[in-house]
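Structure record follows, encoded as structure tokens.
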Amino acid sequence: MSQTGSTFQPSDVEPGEAFWLGKSQTGTPGLGQTLRVPLTQGFDDDYAPANAAAAVEPDCQLAGTIGTELYAITEAIQNSVKYGSINFEVVLPPWYVKGTNLTCTVNVERVVAAGTTLTTTVDLEAHLMADAGDYGADICATTVITFTDTAGADKTFTITGTTLSPGDRLVLRVTGSATEAGNTGTVAVRINSLHLS
């Protein structure tokens with residue numbers, strides 16, 4: 001983008017540049033700011049609201065106490081492995097810089113009720129949606145993350161932005177997986193929040 005003096009001309013905006021409120025985001029990777037994704041907009045793999053039923057594989061459940069906490073959680077498992085997923089549709093805002101990568105930060109924790117010999121993981125899929133409603137391929141470049149945190153901890157995933165433009169629709173699918181092999185109690189994965197930047 002080029003300007004003469006302090007006067008902005010529409011022709012100053014190059015294809016793929018974002019311009020709003022008199023400011024250009026050219027050169028700023030991704031969104032240039034944080035875009036929070038409300039947990040209450042989450043839906044299951046069958047497109048039902050995530051809080052419609054108890055957490056049973058393959059779905060998460062929204063849980064917590066009003067005024068105290070809100071989170072999504074997988075089914076608690078003992079002496080086996082279970083996973084749960086929650087999906088979100090987001091629209092890239094006008095100021096997103098075309099073709100640049102995004103970072104999705106997911107805050108997760110391990111919820112243990114006397115379980116032992118544990119493994120917990122979190123994964124992210126990111127799918128570009130066509131106007132016809134079709135899912136594109138997964139464009140998340142980060143593989144499954146194994147974690148041991150028993151308090152909320154941020155895990156970051158890179159979404160490849162090569163094919164992305166402002167206004168595009170993305171479906172983000174967050175999956176937590178928990179294994180308890182000691183047969184002494186249960187473990188589950190809690191998803192506290194996610195945001196794009």
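The values are calculated or read from the model by the stated rules, or taken from the named source; none is laboratory data. As the structure is a computational prediction, the values presented were derived from the model and not from experiment. Here Cβ is always computed from backbone atoms with ideal geometry, including for glycine, and neighbour counts include all displayed protein chains.
Selection within segment 1-40: residues that are at pLDDT 85 or above and outside any loop (DSSP other than H, G, I, E, B). The member of this set that is farthest from the chain's Cα centre (by Cα) is THR40. Only one entry in THR143, THR179, THR162 is modelled with pLDDT of 95 or more, part of a strand (DSSP E or B) and not hydrophobic (A, V, I, L, M, F, W, C), namely THR179. For segment 76-116, the set of residues classified as surrounded by fewer than 20 Cβ atoms within 10 Å (Cβ to Cβ) and touching a Pro at 6+ places or on another chain (Cβ under 6 Å) consists of PRO94, THR100, listed by residue number. Considering only residues in segment 101-127 that are in contact with a Leu (Cβ under 8 Å, 6 or more places away or on another chain) and among the β-branched types (Val, Ile, Thr), the one that is nearest to GLY152 (Cα to Cα) turns out to be VAL106.
Taking strands (runs of 3 or more DSSP E) as the structural unit, those lying wholly within segment 44-110 and holding at least 1 residues that are small (Gly, Ala, Ser), closer than 20 Å to GLU180 by Cα and touching a residue at least 40 places away in the same chain (Cβ under 8 Å) correspond to 69-73, 80-91.
Among the conditions (1) within 15 Å of the chain's Cα centre (by Cα); (2) loosely packed, with under 15 Cβ neighbours inside 10 Å; (3) of a type in the set (Val, Ile, Thr), the only one that VAL174 does not satisfy is (2). When PHE43 is tested against the conditions (1) modelled with pLDDT of 90 or more; (2) on the phi < 0 side of the Ramachandran plot; (3) touching a Ser or Thr at 6+ places or on another chain (Cβ under 9 Å), the lone failure is (3). Taking the criterion of being of a type in the set (Asp, Glu) and surrounded by 18 or more Cβ atoms within 10 Å (Cβ to Cβ), the residues of segment 117-167 that qualify are ASP123, GLU125.
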